[in-house]
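Shown next, in structure tokens, is the structure this report addresses.
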């Protein structure tokens with residue numbers, strides 16, 4: 001092989017190497033270290049801990065109510081948040097896809113929540129839900145949704161809706177931006193052809209828009225789901241997982257285990273389970289997406 | 001007459017109403033943030049649920065700017081976010097370019113590694129990262145944060161950049177290479193200028209993410225000299241009281257640069273993503 | 001061109017980063033801007049007396065200080081002197097991280113001036129002084145005089161029965177509740193005070209080392225508080241309240257009584273008129289005794305400090321009678337020096353509530369079992385979760401107490417094994 005051919009072969013690696021090395025050093029090596037704790041009895045600051053315990057932590061998890069509660073909450077939190085973010089994001093993208101005067105400004109304003117740090121979003125929404133200093137409980141009462149203007153964050157049956165509301169507010173722009181971009185790249189003539197065939201707006205949406213958007217939808221929903229499942233900041237700020245674990249999700253539970261109980265071993269085991277669940281989910285989405293694009 | 005009116009005007013009205021609802025939903029929490037930051041301490045609770053306090057004050061802003069360390073925290077956040085934005089965008093555009101233009105052995109693995117890096121709660125690597133960075137003198141340092149944030153943000157940024165590159169026809173650099181340029185020269189002179197909106201969008205995305213990051217800023221750095229703004233916000237919550245007015249004022253101030261920046265780049269984000277998105 | 005610009009910006013950005021080099025590192029964990037100022041002032045005095053020594057002060061935000069310090073220490077990034085709250089002492093001392101201060105105390109002339117309680121708590125882990133306390137936090141009853149007047153109540157309650165009756169009267173007022181319950185982080189003090197006062201004793205363990213917490217008396221005590229909440233005598237959302245919410249609830253008049261340490265004065269004085277609130281001794285239980293909890297915090301030196309003598313000198317600068325008085329002006333904590341009780345700082349009407357408690361033989365300041373390994377987790381996670389479940393009626397008080405007793409019994413056994 002000539003030097004030039006070799007250089008050509010190596011070129012893609014040259015481009016990917018900086019990212020790959022960085023990610024490997026800062027994320028993967030620590031991840032492997034972190035996951036190895038899952039098989040050890042590792043208590044932070046305890047010099048006597050650190051023995052290999054095999055799968056003990058995973059067996060412990062089976063009987064751990066805290067784990068199962070958090071798992072259930074993770075599913076609800078993720079599914080509801082992503083579904084609402086997606087639905088409203090899609091509606092917003094469709095609204096913005098139509099030209100109107102002042103579109104640039106409106107677009108800029110509705111995308112603004114994404115620029116708000118998660119911590120600050122959580123804090124603001126916690127204020128909004130507080131009956132002494134926020135309007136929401138009084139509005140909810142006015143709408144007949146609450147009997148008295150109380151703080152839903154302290155009601156175990158309603159508390160999870162608080163962080164979900166904040167998360168929906170914060171996450172709509174992400175979907176709106178990606179879906180709007182996808183919408184704008186659908187060639188106009190396809191719509192025109194469909195309209196000529198007598199398809200109404202609803203039918204056009206179902207027959208043309210949705211199938212063409214499907215690949216984008218699949219990938220953004222997948223990424224988003226994974227992020228939301230791991231995103232504990234809003235919950236930690238707004239409810240600290242309470243009351244009585246009603247809003248504890250796996251990633252906030254892992255934080256509690258690691259940094260309150262200082263039980264790094266068990267925390268890592270729970271994290272490993274979460275990682276496996278998310279990997280399985282992502283793989284399923286990818287397979288589905290592949291099948292869909294094949295059919296199209 | 002009335003029939004055509006209802007056919008054209010009604011949908012337009014509904015469209016406008018729906019958009020107005022979205023704008024109101026997006027802005028109301030921010031309005032509340034602003035309101036709290038302008039409310040004097042003695043009215044904070046007494047007029048807590050009023051839409052606008054009977055008196056407003058700029059005291060909280062004055063206190064934040066003059067008596068707290070927030071100017072320092074802003075500076076730190078600005079340094080970290082800018083450096084992260086530039087570095088991650090540079091690394092990600094190289095990787096994104098490779099994803100979009102080459103088929104090479106191990107490509108699936110590289111993509112897989114990047115995907116996996118997005119799939120676990122970062123809490124679990126706080127301690128290992130601390131152990132990794134401490135001997136290098138990279139804890140309690142802005143450089144350490146830049147390194148960590150760059151790693152966190154590169155994967156998604158690379159996928160973004162990939163879709164931007166997909167939007168640019170391959171013929172362009174092939175033509176340049178026919179004229180004797182190396183691929184790298186073609187990339188620099190022909191392709192990169194065309195992806196400028198994409199680069200801006202990616203940089204903006206990373207900048208925003210780094211600007212907001214709390215966990216690692218909190219856990220890796222402890223001295224005020226190297227605190228970023230989100231960690232600084234926590235300082236308003238002492239064991240003894242919370243200065244909500246000042247905290248919200250600091251929050252509003254912190255939103256200004258990132259909000260302005262975001263307003264500038266969001267149109268590029270949509271524009272740049274447009275062509276690549278469906279293939280993405 | 002663009003690349004060059006990029007690199008240039010980076011180099012500029014990175015070279016602007018500060019470097020680190022310090023001789024002594026001091027970590028403050030219960031930080032507030034005012035305290036940090038006082039600390040800086042004391043440290044400046046120390047530096048003036050030790051030319052060439054520089055002290056780097058790190059002020060951690062209280063909300064994340066625990067995980068922060070634990071991570072630092074575990075990774076070997078170890079400060080010399082650290083502010084040590086009572087509930088962390090067993091974790092660091094028990095794991096051999098702290099230097100024994102006994103040899104220093106033996107040489108120090110001021111040791112004789114410390115009151116007996118100061119030395120007792122200093123030695124609460126393994127009978128060795130692993131910290132030098134700077135002050136005590138004794139709970140007392142704060143009451144909102146304005147709301148009391150509105151409800152037609154003349155005096156603060158003297159017994160728990162009166163407290164409940166007063167709370168019921170206040171709850172008749174629109175939008176007001178009687179008691180500011182702390183159902184979230186830090187709520188353990190309240191559970192212990194009501195529990196012990198109703199149980200009529202503050203022992204946490206039987207002679208055989210099993211915990212008393214699921215004895216009928218303690219169960220009656222926690223049931224009493226749960227009933228108070230479930231009958232609507234505390235705000236409904238107080239199930240989630242921590243320190244800041246409790247104090248905010250109190251000064252906004254949402255709830256009229258709260259159990260608090262002197263340090264709450266800092267927040268209250270800034271927001272309430274002095275004539276609108278008072279501090280009374282903790283109400284007595286059925287047996288005529290009251291058991292307010294007693295907390296403490298102090299200074300510790302890490303064993304791996306490279307400059308231990310210098311570190312001790314710094315502790316002395318912070319905690320000799322002059323330094324301690326200046327410091328406690330910010331912390332509001334009660335004095336460790338016998339002589340300081342007569343200082344003008346403690347002479348105001350507000351502090352009388354506490355000195356009345358200390359003088360009353362029927363008021364028994366209660367130290368929580370902070371010496372147990374895993375106490376921080378017990379107080380901050382396990383108790384928060386189970387007590388919220390009990391307040392919400394998801395588990396019975398008996399079940400809750402059983403969980404607590406099981407954990408404490410286990411921790412006590414672990415501690416006993418550790419000593420062997």
For the protein assembly as shown, alpha-carbon Rg over 2.2 N^0.38 Å: 1.00
Global geometry of region C:232-301, whether rounded, prolate or oblate, following the gyration tensor of its Cα atoms and the 1.5 cut on a/c: rounded
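Over all residues in A:214-221, what is the mean tally of Cβ atoms on other chains that come within 10 Å of each residue's Cβ? Mind dumping the intermediate values first?
Numbers: counts 1, 4, 7, 0, 0, 4, 2, 0.
Mean number of neighbouring Cβ atoms from other chains: 2.
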Burial-style ranking of A:263-275, A:156-168, average other-beta-carbon count within 10 Å with highest first, yields A:263-275, A:156-168
Could you give the nm distance between label points at residue B:67 and residue A:202, where each point is 7 Å from its Cα heading toward the beta carbon? 6.2
Take residue B:260 and residue C:110, extend 7 Å from each Cα along the Cα→Cβ direction, and tell me the distance between the two endpoints in nm. 5.0
How many partner chain Cβ atoms sit within 10 Å of a residue's Cβ in peptide B:246-253, on average, as a whole number? 2
Name the most mobile residue of C:45, C:374, C:76, meaning the one with the largest mean-square fluctuation, in a Gaussian network model of chain C with Cα contacts below 10 Å. C:76
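If you rank C:67, A:294, A:60 by fewest surrounding Cβ atoms within 10 Å, what's the result? Walk me through the intermediate numbers first.
Values: C:67 22, A:294 7, A:60 15.
The most exposed by this proxy come first: A:294, A:60, C:67.
Within 10 Å of each Cβ of C:239-245, how many other protein chain Cβ atoms are there on average? Let's see the in-between values first.
Numbers: counts 9, 13, 1, 4, 6, 7, 4.
Across the residues of C:239-245, the mean count of other-chain Cβ atoms within 10 Å is 6.
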Whole Å is fine, so just give me how far the alpha carbon centre of region C:345-420 lies from that of region A:126-172. 33
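Hey, with R₀ at 56 Å, roughly what FRET efficiency would residue C:274 and residue A:79 work out to, going by the Cβ-Cβ distance, to 0.05?
Details: r = 53 Å, r/R0 = 0.95.
So the FRET efficiency works out to roughly 0.60.
Just subtract the alpha-carbon distance of residue B:58 and residue B:14 from 0.36 nm times their residue separation and send over the number in nm, one decimal. If you can, show how the numbers build up before the last one.
On the way: separation 44, 0.36 × 44 = 15.84 nm, distance 3.92 nm.
Result for the pair: 11.9 nm of gain on full extension.
Just order C:354-362, A:132-140, C:208-216, B:79-87 by mean Cβ neighbour count inside 10 Å, highest at the front, would you? Each step should come with its number before you reach the end.
Numbers: C:354-362: 15.0, A:132-140: 19.3, C:208-216: 17.0, B:79-87: 24.8.
Result, highest mean Cβ count within 10 Å first: B:79-87, A:132-140, C:208-216, C:354-362.
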Expressed as a rounded percentage, what relative contact order does chain B have, with Cα pairs under 8 Å and six or more residues apart? 30
With a 10 Å cut-off between alpha carbons and a GNM built on chain A, which of A:49, A:19, A:185 moves the most? A:19
Looks like region C:327-376, by Cα gyration tensor root eigenvalues a ≥ b ≥ c and the a/c under 1.5 rounded cutoff (else prolate when a/b is bigger than b/c, oblate otherwise), is oblate
Beta bridges per DSSP with both ends in chain C, % antiparallel, nearest 5: 65
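With viscosity set to 1.567 mPa s and temperature to 4 °C, compute the Stokes-Einstein D of region A:235-296, Rh being the Kirkwood radius across alpha carbon pairs; µm²/s, no decimals. Working shown, then result.
Numbers: Rh = 13.6 Å.
So the translational diffusion coefficient is about 96 µm²/s.
So what is the relative contact order of region C:177-307, in percent, for Cα pairs below 8 Å that sit 6 or more residues apart? Each step should come with its number before you reach the end.
Working: 151 pairs, mean separation 46.3, N = 131.
35 percent.
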Distance-filtered residues of region A:211-228 - backbone nitrogen under 17 Å, label point 7 angstrom along residue A:191 Cα→Cβ: A:211-214
Looking only at B:33, B:13, B:65, which one moves most when chain B is put into a Gaussian network model with springs between Cα atoms under 10 Å? B:13
Need one number: nm distance between label points at residue C:41 and residue A:281, each 7 Å from Cα along Cα→Cβ, rounded to one decimal. 5.3
Near-label residues of region C:353-391 by backbone N, under 16 Å of a point 7 Å along Cα→Cβ of residue C:341: C:353-366
How much length is gained if the chain between residue A:2 and residue A:32 is pulled fully straight, taking 0.36 nm per residue apart and subtracting their Cα-Cα distance, in nm to one decimal? 6.9 nm
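Could you list B:256, B:187, C:119 so that the one with the fewest beta carbons within 10 Å of its beta carbon is first and the one with the most is last?
On the way: B:256 10, B:187 21, C:119 15.
The order, fewest Cβ neighbours first, is B:256, C:119, B:187.
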Burial ordering of A:29, C:363, fewest other beta-carbon atoms within 10 Å first: A:29, C:363
Using a Förster distance of 60 Å, how high is the FRET efficiency between residue C:360 and residue B:41, based on the Cβ-Cβ distance and rounded to 0.05? 0.95
Mean separation of Cα contacts under 8 Å (at least 6 apart) over the residue count of chain C, i.e. the relative contact order in percent, is 25
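Would region C:158-199 count as rounded, prolate or oblate if I go by the C-alpha gyration tensor, calling it rounded below 1.5 in a/c and otherwise prolate when a/b exceeds b/c, oblate otherwise? Please report the intermediate quantities before stating the final value.
Numbers: a/c = 4.39, a/b = 1.37, b/c = 3.21.
In terms of gyration-tensor shape, oblate.
Since every read-out is calculated from the coordinates, none of them should be taken as a lab result. Just so it is clear, the structure is predicted and the values come from calculations on it, not from any experiment. Here Cβ is always computed from backbone atoms with ideal geometry, including for glycine, and neighbour counts include all displayed protein chains.
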